[in-house]
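Let me begin by presenting the structure, written as structure tokens, before commenting on it.
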Amino acid sequence: YMSAGYSDPGVEAPETIELSSHGSILGVRGNKPLSESTRLFWQVESQLDLDNMGEGGHEGGANTSVLAGSDSFVGISGSAGTLLFGKHNTPLTMLVHANDPFAHIAGDALSILGHAGHHYESSFDPDHGTMFYVRAPNSILYLSPEAGGFSANVALIAIDESTADGAR
């Protein structure tokens, strides 16, 4: 969704009106049943930076709209759980997001925690150092079925050494 904001710092800085895009996404998904209890599925999702389309107004002068830049994966689901292969939120991101009463609005956990690791190097986003809100490429995510009121999410994330800055 989109929001507009106004600020008047009350000092020698100019008043500003800002248009912001919060979690605007466009995607397609599909599935194919393999049996009564098993299915294959896929999803391609792109984040749309609607407030800077063609403007290059973000940090570094680049528009952040990227094809398949959001949760994009193939997967298989059955009675033993679900496996996803591709780019997906990490288990920590999923936990934070599921318990965030302000998800996708100003003041959500991403605003507060998402860039808390700015001074730490992050293998997932070396430019921004995000540690709490990570959408990891090259990942395998297992979502267990619920048993006794509990479930687990486990991820294996491969670091792409061809684009890494040195050994990790």
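The values are calculated or read from the model by the stated rules, or taken from the named source; none is laboratory data. Computed from a prediction, not measured in an experiment: that's the story for all the values here. Side chains included, ligands, DNA and RNA excluded: accessible areas come from the protein's heavy atoms. Shrake-Rupley method; radii C 1.70, N 1.55, O 1.52, S 1.80 Å.
For this structure, a couple of remarks:
- The residues Thr90, Thr16, Thr38, sorted by heavy-atom accessible surface at 1.4 Å with ligands and nucleic acids left out, run Thr16, Thr38, Thr90 from largest to smallest.
- Each distinct pair of alpha carbons in the range 72-111 adds a 1/r term; the inverse of their mean, the Kirkwood radius, is 11.9 Å.
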